[in-house]
Amino acid sequence: MAIQTKPVPGEIVFGTNAEWFGDGVDDVGCTKASFFINGVLVSTDTNSGGHYHIGGGHLLWNTTLTANGSHTLRMTVTDTAGQTGSVEMEVIIANGVTPLEGWRQAKFTPAELMDISLSGNKADFESDGFSNLMEYALGTDPKKRVAPEFLPALFYETFNSQQYLALRYRRPQNGRPGLNYIVQVGPNLGTWNSGPGFTTESSIIPNADGTEIVTVRSNTPATSQPTSYIRLQVPPP
C-alpha cells in the first residue's frame, strides 16, 4: 500500500525545493517507489526502509520543470514480491505567480481569465453564492456548486456546560498561503467583531483528503445574547 504524505490533494506547490514523499506499507517489505507526473516517470527512489522521496531526499522536487497548472501525481511502491500499490492525486503548480493566480490559471480558460466577471475574486462563476476567492479559500471547485458537506455550518457548541454559537468550515490543510480566515460575531448584521476577545478557535481536525475542519465559537454564551450572528470572512491577499 502506498501512502503519500506530501503534497496533499489539491495543494498548490512551487519552487525548486518542494516536497514529495510518502511510505510503502507491506507485510514483508518494500523495495522502491516510482514517482509519476501525468503518467510520466520522473524519479525512482530505491531502498528497503519503506520511506521514499522524489530525488531520494527531502526538498528535491524541482516543480519549475513542469508547466504551471493542474497535474496528476502518482506514487507507486513495489514490494519484495514485485507487487505494486499506488496513490494518485491532483495538485496545482504555480511558479512565477501568486498561489491565488496559479489556482485561477488552473481553473479557468484563457478566455475566462480575460473576463473578471467570470474569473475575478468577486465573481461567482456557477452562481452558488460563493465568490471565486471564497472557493479558493475553501478548496472547492469554482465551476461546480458547493456540495452540502463542504458548506460552512452553524451550530451550538457546548463548553463548560454552556452553549455558544459556533461555525464549522472546511479548508485545505493549514489554509491557503497568504490568506487570513476571520470568523466574526455580532449582535446584529451591522456590528461585527473578531479576535481572541470575541471568538475562540476550539478545534482543527485534519482529514485524509488534504482538508481540515476548523471550528470557531463565539465567546458569548447563547443565553447572554439570544440574537447573535456569525460569519466567515476571507479578505483578498
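Net charge in the neighbourhood of Gly82 (other residues with Cβ under 12 Å of its Cβ; Lys, Arg +1, Asp, Glu -1) is -1.
If Lys and Arg each add +1 and Asp and Glu each add -1, what is the summed charge of the other residues whose beta carbon sits under 13 Å from the beta carbon of Arg171? Mind dumping the intermediate values first?
Numbers: positive: Arg168, Arg170, Arg176; negative: Glu11, Glu135, Glu201, Asp209, Glu212.
Every neighbour counted, the sum reads -2.
Taking 21 Å as the straight-line reach from the Cα of Lys143, the lysines in range (excluding those fewer than 8 positions away in the same chain) are Lys107, Lys122.
Phi-derived couplings, Karplus 6.51 cos²θ - 1.76 cosθ + 1.60 at θ = phi - 60°, listed residue by residue for segment 50-64: x, 10, 10, 10, 5, x, x, x, 5, 6, 10, 8, 8, 6, 5 Hz, with x used for Gly and Pro. The dipole here belongs to segment 99-145: it is taken about the Cα centre, uses +1 on the Cβ of Lys and Arg and -1 on the Cβ of Asp and Glu, and is about 80 debye. Cross-link partners of Lys6 among lysines, defined as those whose alpha carbon lies under 19 angstrom from its own and excluding same-chain residues fewer than eight positions apart: Lys32. Beta bridges assigned by DSSP with both partners in the chain are antiparallel in approximately 95 percent of cases. By the gyration tensor of its Cα atoms, with a ≥ b ≥ c the square roots of the eigenvalues, what is the shape of the chain: rounded for a/c under 1.5, prolate for a/b over b/c, or oblate? Oblate.
The Cβ shell under 15 Å around Pro206 holds other residues with a net charge of 0, Lys and Arg each +1, Asp and Glu each -1. Among the GluC sites (Glu not before Pro) in segment 104-143, none is located in a DSSP loop while being surrounded by at most 11 other Cβ atoms within 10 Å of its own Cβ.
Nearest 500 deg cm²/dmol is fine: what mean residue ellipticity at 222 nm does the chain get from its DSSP H runs of n ≥ 4 alone, each adding -39,500 (n - 2.57), divided by its residue count?
Details: 4 runs with 24 residues, N = 237.
Counting only the DSSP helices, I get -2500 deg cm²/dmol.
By the count of other C-beta atoms within 10 Å, a proxy for reagent exposure, Met134, Met75 are ordered fewest to most as Met134, Met75.
Every read-out reported here was derived from the displayed coordinates using simple, explicitly stated rules and does not represent laboratory data. Given the structure is predicted, the values throughout are model-derived calculations rather than measurements. Note: ideal-geometry Cβ built from the backbone for every residue, glycine included; neighbour counts use all protein chains shown.
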